[in-house]
């Protein structure tokens, strides 16, 4: 089988790497892919844009592609799945209607409220004055979110009313483009964060192992929100009992609510959760795709062939699939970023040390990289993700950082405390 992956980040490199381990996958084509996917054996990059639906469909039809896997939220929210299905192509990823669960935070919030899914109290606003008045009335700390897609950067956890006002004004003044034309203001939830990614065929939903992401740019979870600076899995924050509760109270009611609205949701439903100090799982937000960098920590531990899981979802046969099989042990992924990320950052710096890093036994997933005259150079804010698998978190974290220390490019930035929560829990 040939698999076409849409996207160019670390998540897509990890998906390609995992799919190529299956005996049934003959070739993976990445659109447009990155420097890492161009170097994988039996994998090639195709120079098309992620929103060139016609070009992607034509290639898939001519080359007899078995399944199209959509990585990022952008093309999903633009209706790539609907388009490919009209061409009678098999797709892993929700339709435009389903992708609203990530593309509109206010839409997702009202779905959760209707379905009785535990989440933060919230209100949506289309103008700055009303939003500011609400913040003044509620007080701080409070959370301000751009309603639309902002690449993980449209959220401000405001410690003061002034900070919240500034975030509201920034959104309405166009900092996040069309995504900030409406804002959602939420109560701040306190507790440990967890990412529960689940696969679904629209009827059955099955969670993958739970992960924990590190959203902030700075150590000790300080500074601006990013797309994620590192992750580990499985997080002990979510034990088996809690996972059963998340399945019953979050995942199943969400799929049922989507189904009631006539939405046939096939792909990944990713619940970003806060586990409150008294052990209640509450949804911060939903995403309509695999998380990045959680995927780079989860997939190395998956034993079940990934193409089998995706095909079962796309063909609505997930209930027939045996339980997912996982390797023993744990995984940690450390993101290596460009100086200045999540703000302005330079591109085009040569990267060295990847081979030496991989010789330590770590896996180096490429995110913002490209090949330029056979030289690998930086091409994004999050450049690489270094994953290490071991029996304990202490070992996995130490191995990941040992590999990171071999990597070099101008302005390299890395958080040195990925996994600090789990190290505290294990002591």
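Would you mind telling me which numbered condition in (1) surrounded by 17 or more Cβ atoms within 10 Å (Cβ to Cβ); (2) over 22 Å from residue 264 (Cβ atoms); (3) touching a strand residue (DSSP E or B) at 6+ places or on another chain (Cβ under 8 Å) residue 89 fails?
(2)
Quick check: is even one residue across region 212-229 out of contact with any helix residue (DSSP H, G or I) (no Cβ under 6 Å at 6 or more places or on another chain), closer than 18 Å to residue 116 by Cα, part of a loop (DSSP other than H, G, I, E, B) and in contact (Cβ under 8 Å) with a residue 60 or more places away in the chain?
Scanning region 212-229 turns up no residue that is out of contact with any helix residue (DSSP H, G or I) (no Cβ under 6 Å at 6 or more places or on another chain), closer than 18 Å to residue 116 by Cα, part of a loop (DSSP other than H, G, I, E, B) and in contact (Cβ under 8 Å) with a residue 60 or more places away in the chain.
Residues in region 260-281 that are over 20 Å from residue 310 (Cβ atoms) and either more than 23 Å from the chain's Cα centre (by Cα) or buried (at least 18 other Cβ atoms within 10 Å of the Cβ) (or both): how many?
Going through region 260-281 one residue at a time, the tally reaches 11.
Identify, by number, the condition in (1) crowded, with 19+ Cβ neighbours inside 10 Å; (2) closer than 30 Å to residue 123 by Cα that residue 79 doesn't meet.
Result: residue 79 fails condition (1) only.
From 106, 110, which residue is under 26 Å from residue 81 (Cα atoms) and in contact (Cβ under 8 Å) with a residue 60 or more places away in the chain?
106
Inside region 137-174, can you point out the residues that are part of a loop (DSSP other than H, G, I, E, B) and either over 22 Å from the mean Cα position of the chain (by Cα) or on the phi > 0 side of the Ramachandran plot (or both)?
139, 140, 141, 151, 152, 159, 160, 173, 174
Taking residue 286 as the residue in question, decide whether it is under 13 Å from the mean Cα position of the chain (by Cα), outside the structural domain of residue 25 (by TED's automatic domain parsing) and closer than 20 Å to residue 22 by Cβ.
no
For residue 373, which of the numbered conditions (1) modelled with pLDDT of 95 or more; (2) surrounded by fewer than 22 Cβ atoms within 10 Å (Cβ to Cβ) fails to hold?
(1)
Mind checking which pairs have a first residue in region 395-410 that is at pLDDT 95 or above and a second that is assigned to a helix (DSSP H, G or I) and surrounded by fewer than 19 Cβ atoms within 10 Å (Cβ to Cβ), Cβ under 7 Å, 6 or more apart or different chains?
From residues that are at pLDDT 95 or above, the pairs are 406/356.
Taking region 22-55 as the region of interest, how many residues are touching a residue at least 60 places away in the same chain (Cβ under 8 Å) and crowded, with 23+ Cβ neighbours inside 10 Å?
Residues in region 22-55 being touching a residue at least 60 places away in the same chain (Cβ under 8 Å) and crowded, with 23+ Cβ neighbours inside 10 Å: 4 in total.
Are there helices (runs of 4 or more DSSP H) fully within region 1-90 with at least 2 residues that are within 30 Å of residue 334 (Cβ to Cβ) and not assigned by TED's automatic domain parsing to the domain that holds residue 354? List them.
Ranges flagged: 10-19, 73-77.
So if I check each of 309, 336, which one is in a helix (DSSP H, G or I) and either in the same structural domain as residue 15 (by TED's automatic domain parsing) or touching a strand residue (DSSP E or B) at 6+ places or on another chain (Cβ under 8 Å) (or both)?
309
Could you check, for region 115-131, whether at least one of its residues is at negative phi, outside the structural domain of residue 15 (by TED's automatic domain parsing), in contact (Cβ under 8 Å) with a residue 60 or more places away in the chain and in a helix (DSSP H, G or I)?
Yes: one or more hits.
Of 168, 205, which residue is within 30 Å of residue 323 (Cα to Cα) and touching a strand residue (DSSP E or B) at 6+ places or on another chain (Cβ under 8 Å)?
205
With the structure loaded, tell me whether residue 358 is in contact with a helix residue (DSSP H, G or I) (Cβ under 8 Å, 6 or more places away or on another chain), without any contact (Cβ under 8 Å) to a residue 60 or more places away in the chain and surrounded by fewer than 20 Cβ atoms within 10 Å (Cβ to Cβ) or whether it fails that test.
Considered against the rule, which asks whether it is in contact with a helix residue (DSSP H, G or I) (Cβ under 8 Å, 6 or more places away or on another chain), without any contact (Cβ under 8 Å) to a residue 60 or more places away in the chain and surrounded by fewer than 20 Cβ atoms within 10 Å (Cβ to Cβ), residue 358 comes out as yes.
Any residue that is in contact with a strand residue (DSSP E or B) (Cβ under 8 Å, 6 or more places away or on another chain), part of a loop (DSSP other than H, G, I, E, B) and touching a residue at least 24 places away in the same chain (Cβ under 8 Å) - is there at least one of those in region 252-269?
Yes, there is a match, as at least one residue in region 252-269 is in contact with a strand residue (DSSP E or B) (Cβ under 8 Å, 6 or more places away or on another chain), part of a loop (DSSP other than H, G, I, E, B) and touching a residue at least 24 places away in the same chain (Cβ under 8 Å).
Suppose we filter region 341-353 for residues that are loosely packed, with under 13 Cβ neighbours inside 10 Å, touching a residue at least 40 places away in the same chain (Cβ under 8 Å) and part of a loop (DSSP other than H, G, I, E, B); how many remain?
Final tally of qualifying residues: 2.
Return yes when residue 199 is touching a helix residue (DSSP H, G or I) at 6+ places or on another chain (Cβ under 8 Å), assigned to a strand (DSSP E or B) and modelled with pLDDT of 90 or more and no when it is not.
yes
The values are calculated or read from the model by the stated rules, or taken from the named source; none is laboratory data. Quick caveat: nothing in here was measured; it's all calculated off a predicted structure. Positions of Cβ are backbone-derived with ideal geometry, glycine not excepted, and every protein chain shown enters the neighbour counts.
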